[in-house]
Amino acid sequence: MAQVLITPSIIAKEALFQLENKCVFADKSYRSYVNEFRKIGDTVSVRKPVKFRTTSGATISATPEVQESSVDLKIDQRHKVNWKFNTNDLTLTIEEYSKRYIEPACIALANKVDQVGLNLYSSIWNQVGTPGTTPSTFANVKDVAVRMDRLSIPSEREIVCNPDAAWGIAGGLTGVYNAKMVEGAYRNGTIGRVAGFGEVSMDQNVVDHTVGLHATGSTPLMAATSSEGDTTLATDGWAASTAVLKAGDVFTVAATYDVNVVSGQKQNFLKQFTSTADVTSAADGTATIAVAPTIVSSAATATTLLPYQTVDVLPQDNAAITVMGTESTAYPMNLCFHRNAFALAFIPLEMPDGCSFKARESKNGFSIRVIKDYDFINDEDRIRLDILFGWKAIYPELAVRLIG
């Protein structure tokens, strides 16, 4: 058989295959926005669907204005892997070359893609589980499913856990009388569909979140009653001049409950908020907290706001604030989500004119570029794999953290 030299196209195709194969969280997130929406410089503009709320009777009032919104998915992640390229390498089979170079390179790239995406946990305000306790039973998975059901999060849900939770859940489910599930859990830690979720997936890039200094010397309270459409809370009662909250801290406000996003029905658990930025209290113990989601209550008068209701009543002055978790303690932020909660957009990189050994491959929402060139300063060939992408929590309301 005639010898076949490795070409840039062969390398790019193999690299794309390995990149997609090694991604976990990225593989379960939505990746088609780059094809569906206009690109503005380094940003993909994503239009969010409008929401409506039903009214009773045959008569309609003046047709309410429709509230349309969009979010910008910024393409700001440029990463690469490079190595020396020996001319003799061209005579290897692609299987040999992949095992030696491409696969370990794409493991590094895939880990970076997942790592950046999993850091979006701080955008998610819904949280289930016991801080400090690793999920390890069907009840832990059931609790997340119940919360997602109550919040009308659609089916086709996924769970991505750190190794402790993934193996804990696998072990906890071996007592279930299902030979196929038990076999997979014992042999390789894989689990089939559980409580309406797809296969429980392990990703070592799941982020540990460290809670702020919210407890020592603090008795936090609302300092004023919120208004419709607020994205901040005025608070007091904190320890003076202290980093009381970290971006991603989850907390509740007494007597303010969650609602079903479709019906507006009050739920049996308090509304959870996430701090979208670090918060340091003032010398008098006051602090303004930037929060998500936007505060919209059942008393909203704007017809365009009510379908986006997030709380049953506005947070009231002097209501107690409770932060989840022990201060200065790190907890794994496992994620349970509908795939539309998170968007990943890969942008095909431009091909340079001054290089002959080059190729680019794009498929299934992933894209990678390969270039080999001669380094005349060091008298050697070098090859590089490059990716350009961006992440965004497009619909954070479609995700729930499962704390560990």
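Points to keep in mind about this one:
- Candidate set: the stretch 22-49, residues that are basic (Lys, Arg) and under 16 Å from the mean Cα position of the chain (by Cα); chosen: the one modelled with the lowest pLDDT: 31
- The strands (runs of 3 or more DSSP E) located wholly in the stretch 332-404 that include 2 or more residues which are over 30 Å from residue 142 (Cα atoms) and aliphatic (A, V, I, L, M) occupy 366-375, 380-393.
- Condition check for residue 199: closer than 22 Å to residue 338 by Cα, surrounded by 20 or more Cβ atoms within 10 Å (Cβ to Cβ) and modelled with pLDDT under 95: no
- Residue ID - surrounded by the most Cβ atoms within 10 Å (Cβ to Cβ), chosen from residues in the stretch 123-154 that are within 16 Å of residue 257 (Cα to Cα) and basic (Lys, Arg): 147
- In the stretch 125-152, the residues that are outside the structural domain of residue 250 (by TED's automatic domain parsing) reach residues that are surrounded by fewer than 17 Cβ atoms within 10 Å (Cβ to Cβ) and among the β-branched types (Val, Ile, Thr) with C-beta atoms within less than 6 angstrom, at least six apart or across chains, in these pairs: 152/262.
- Residue count, the stretch 311-325 (criterion: surrounded by 20 or more Cβ atoms within 10 Å (Cβ to Cβ) and free of Cβ contacts under 8 Å to residues at least 60 places away in the same chain): 1
- Test: residue in the stretch 91-100 that is surrounded by 16 or more Cβ atoms within 10 Å (Cβ to Cβ), of a type outside the set (Gly, Ala, Ser) and assigned by TED's automatic domain parsing to the domain that holds residue 20: yes
- Against the test of being in contact with a Phe, Trp or Tyr (Cβ under 9 Å, 6 or more places away or on another chain) and surrounded by fewer than 16 Cβ atoms within 10 Å (Cβ to Cβ), the options 269, 273 yield a single qualifying residue, 269.
- Counting only strands (runs of 3 or more DSSP E) that sit wholly inside the stretch 214-278, those with at least 2 residues that are farther than 15 Å from residue 126 by Cα are 230-236, 250-259.
- Qualifying residue in the stretch 269-282 (condition: assigned by TED's automatic domain parsing to the domain that holds residue 296, in contact with a helix residue (DSSP H, G or I) (Cβ under 9 Å, 6 or more places away or on another chain), at pLDDT 85 or above and of a type in the set (Lys, Arg)): no
- Positions within the stretch 389-404 being over 10 Å from the mean Cα position of the chain (by Cα), of a type outside the set (A, V, I, L, M, F, W, C) and crowded, with 24+ Cβ neighbours inside 10 Å, in sequence order: 404
- Within the stretch 70-106, the only residue that satisfies the criterion of being free of Cβ contacts under 8 Å to residues at least 12 places away in the same chain and either small (Gly, Ala, Ser) or in contact with a strand residue (DSSP E or B) (Cβ under 9 Å, 6 or more places away or on another chain) (or both) is 104.
- Of 288, 256, 303, all but one fail to be modelled with pLDDT under 95 and at negative phi; the exception is 303.
- Top-ranked residue in the stretch 279-294 [being among the aliphatic types (A, V, I, L, M) and part of a strand (DSSP E or B); ranked as nearest to residue 128 (Cα to Cα)]: 292
Residues checked against (1) more than 23 Å from residue 77 (Cα to Cα); (2) buried (at least 22 other Cβ atoms within 10 Å of the Cβ); (3) acidic (Asp, Glu):
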residue	(1), (2), (3)
327	yes, no, yes
334	no, yes, no
345	no, yes, no
351	no, no, no
356	yes, no, no
362	no, no, no
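- All positions within the stretch 373-404 that are touching a Pro at 6+ places or on another chain (Cβ under 7 Å) and either assigned by TED's automatic domain parsing to the domain that holds residue 29 or among the aliphatic types (A, V, I, L, M) (or both): 402, 403
- Here residue 353 passes the criteria (1) assigned by TED's automatic domain parsing to the domain that holds residue 107; (2) at pLDDT 90 or above; (3) out of contact with any Phe, Trp or Tyr (no Cβ under 8 Å at 6 or more places or on another chain); (4) not hydrophobic (A, V, I, L, M, F, W, C) except the one numbered (2).
- Residues being over 26 Å from the mean Cα position of the chain (by Cα) and either charged (D, E, K, R) or surrounded by 14 or more Cβ atoms within 10 Å (Cβ to Cβ) (or both) - total across the stretch 239-254: 3
The values are calculated or read from the model by the stated rules, or taken from the named source; none is laboratory data. Note that the coordinates shown come from a computational prediction; the quantities given were computed from them, not determined experimentally. No Cβ is skipped: glycine too gets one built from the backbone with ideal geometry, and neighbour counts run over all protein chains shown.
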